[in-house]
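Shown next, in structure tokens, is the structure this report addresses.
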Amino acid sequence: MQTFLELCRDVVGTPHVLTDAAMAPFLTDWRKRFTGSARAVVRPSSTEEVASIVRLCIENHVPVVPQGGNTGLVVGSVPNSRGNAIVLSLARLNRIRHIDAVNHTMTVDAGCILENVQRAAVEAGLLFPLSMASSGTCTIGGNLSTNAGGTAVLRYGNARELCLGLEVVTPQGEILHGLRGLRKDNTGFDLRDLFIGAEGTLGIITAAVLKLFPQPKSRMTAFAGLKTPGDALRLLSIARKHCDAALTGFELMSDYSLHLVTKHFPQLSMPLSLDHRQYVLLELSDSESETHAMTMLERTMGDAIDENIIQDAAVASSVSQSKAMWRLREHISDAQGLEGKNIKHDIAVPTSRIADFIEETDALLQTHFPGCRMVTFGHLGDGSLHYNVSAPEGVQADEFLKRQGEVNRVVHDSVHRFQGAISAEHGIGTLKRGELILYKSNVELKLMQKIKSALDPLNLMNPGKVI
């Protein structure tokens, strides 16, 4: 009788069932904080092969851990240490299946790298707006499984808003054929939204229909220095008044965030001096003309200066200058990683309360952990922040990390008081699973458990993650 791994090899081919040392890159999370164990890494090349592997896993009671680019930050795409699961890598499912330029949709495999999807849209004269620092490595399946946000969420929404249909392999090894490019479909429960944000715990996303948009006729980027997050909120209000839907990006960055970038990436130049407490990176994408976009931006910046909101500002005069400004924002996470281990938080609070949250929570952290350094940056327009805490000067990062539970309690309790969420776009994974039960209501948790039990009664889909 054939063994389980021999049966897997029959489905995907011997070279695509990895064991022993070949599994190593798939077993460690992106931040290199945790390394799990697995029976094998299985690399199917089609939805039918994924379904066949899942059916084999059911027959042999083998858990399945789906994995895309393995760029997650909450230990959601690597197996635990038991060694009884397989990692199901979707990297070979990487086809752009179809672009419908009239319907403004693109159908892609889940293993497609986000940057490749963006490029395919541009080649078709269109835009896929989801964008983040990991665009060159993260995959569409992972983006959807965590309902990723990105830097253009203010105008275009999260991954959920950018997806019209899904193809999913269910925990029973069946294929849900939902690749319909419909913007209106009221024919029962919205099954698509069950799988988006579920982190592979309810099924395996194998393909998606994505929304495309017209390419903007012009882009304008500005970099502003301010005193406080409250000033950034005032600037956001002015930008919304003058720019409306053209306002695509509005990123807040603390001074320490950019100090780290200039320290570890000296080749990246700041458009302003580092004398300000807060910075905003603002971008417009206009469908009319460059002149129209510049008029909107000038009105925004002029009003903000008149009201003493902005201390200093720079406007990109070329595409290269705009890209240089965005590189500063995109290198914050890498710079913080080079500086040393840190305690990350991916939180959301109502936009109107974000300045008060930062002020109050910063003060609480300084009371409990004097000298801790705040790397605060994120998508101010939708109220989500990367609210990261680094060790005080002179304190070893490993020693500070021993207090991670205490730091999390201060931050997450504050998030809860401000009626926010402890995860805005990274997901729950393993890292925040224990935190979730502290802040979700019993009703919400029971409903989530019932959905999980109904769809995955054997608990084989990414077990130990989310719930």
ask   = Taking the condition under 15 Å from F377 (Cβ atoms), basic (K, R) and not assigned by TED's automatic domain parsing to the domain that holds I358, does R277 pass?
value = yes
ask   = Is it the case that the range 57-68 has a residue that's in a helix (DSSP H, G or I), touching a residue at least 40 places away in the same chain (Cβ under 8 Å) and crowded, with 17+ Cβ neighbours inside 10 Å?
value = yes
Qualifying position, being of a type outside the set (D, E) and modelled with pLDDT of 95 or more, among K446, K402 = K446
request  = Scan the range 399-422 and give yes if some residue there is touching a Ser or Thr at 6+ places or on another chain (Cβ under 8 Å), outside any helix (DSSP H, G or I) and closer than 23 Å to L144 by Cα, otherwise no.
outcome  = no
key: Residues of the range 302-335 satisfying the condition of being under 29 Å from the mean Cα position of the chain (by Cα), part of a helix (DSSP H, G or I) and of a type outside the set (A, V, I, L, M)   = S320, Q321, S322, K323, W326, R327, R329, E330, S333, D334
key: Matching entry among P271, P266 (being outside the structural domain of I358 (by TED's automatic domain parsing) and touching a Phe, Trp or Tyr at 6+ places or on another chain (Cβ under 6 Å))   = P271
query = Which one of these does G142 not meet: (1) of a type in the set (G, A, S); (2) assigned to a loop (DSSP other than H, G, I, E, B); (3) within 27 Å of D382 (Cβ to Cβ); (4) at pLDDT 95 or above?
reply = (2)
ask   = What's the number of the condition G165 fails, among (1) touching a residue at least 60 places away in the same chain (Cβ under 8 Å); (2) farther than 30 Å from D356 by Cα?
value = (1)
Count - residues of the range 7-56 that are over 15 Å from V75 (Cα atoms), touching a helix residue (DSSP H, G or I) at 6+ places or on another chain (Cβ under 8 Å) and surrounded by fewer than 16 Cβ atoms within 10 Å (Cβ to Cβ) = 1
task = Note down all Cβ pairs under 9 Å where the first residue falls in the range 207-230 and is without any contact (Cβ under 8 Å) to a residue 40 or more places away in the chain and over 21 Å from H259 (Cβ atoms), the second is assigned to a strand (DSSP E or B) and of a type in the set (A, V, I, L, M), and they're at least six residues apart or on different chains.
result = none
key: Close pairs (9 angstrom Cβ cut-off, 6 or more residues apart or separate chains): aliphatic (A, V, I, L, M) in the range 286-312, surrounded by fewer than 14 Cβ atoms within 10 Å (Cβ to Cβ) and part of a helix (DSSP H, G or I) anywhere   = M296/D244
query = Can you name the number of the only condition in (1) modelled with pLDDT under 90; (2) among the aliphatic types (A, V, I, L, M); (3) surrounded by 22 or more Cβ atoms within 10 Å (Cβ to Cβ); (4) more than 19 Å from Y256 (Cβ to Cβ) that V319 fails?
reply = (3)
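For (1) farther than 19 Å from I205 by Cβ; (2) in a loop (DSSP other than H, G, I, E, B); (3) assigned by TED's automatic domain parsing to the domain that holds I205; (4) among the aliphatic types (A, V, I, L, M), each residue gets a yes or a no:
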position	(1), (2), (3), (4)
P15	yes, no, no, no
A24	yes, no, no, yes
V41	no, no, no, yes
S45	no, yes, no, no
E48	no, no, no, no
R55	no, no, no, no
N70	no, yes, no, no
S77	no, yes, no, no
N80	yes, yes, no, no
Answer residue from the range 423-460, given it is β-branched (V, I, T) and either over 25 Å from V64 (Cβ atoms) or part of a loop (DSSP other than H, G, I, E, B) (or both) and is nearest to the chain's Cα centre (by Cα) among those = I428
request  = Give the residues of the range 121-163 that are more than 23 Å from R327 (Cβ to Cβ), in contact with a Phe, Trp or Tyr (Cβ under 8 Å, 6 or more places away or on another chain) and surrounded by fewer than 22 Cβ atoms within 10 Å (Cβ to Cβ), sorted by residue number.
outcome  = L126
message = surrounded by 15 or more Cβ atoms within 10 Å (Cβ to Cβ), modelled with pLDDT under 95 and touching a Lys or Arg at 6+ places or on another chain (Cβ under 9 Å): is that true of S285 in this structure?
response = yes
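The values are calculated or read from the model by the stated rules, or taken from the named source; none is laboratory data. Source: prediction; values computed, not measured. Don't worry about glycine lacking a Cβ; one is built from the backbone with ideal geometry, like all the others, and counts go over all protein chains shown.
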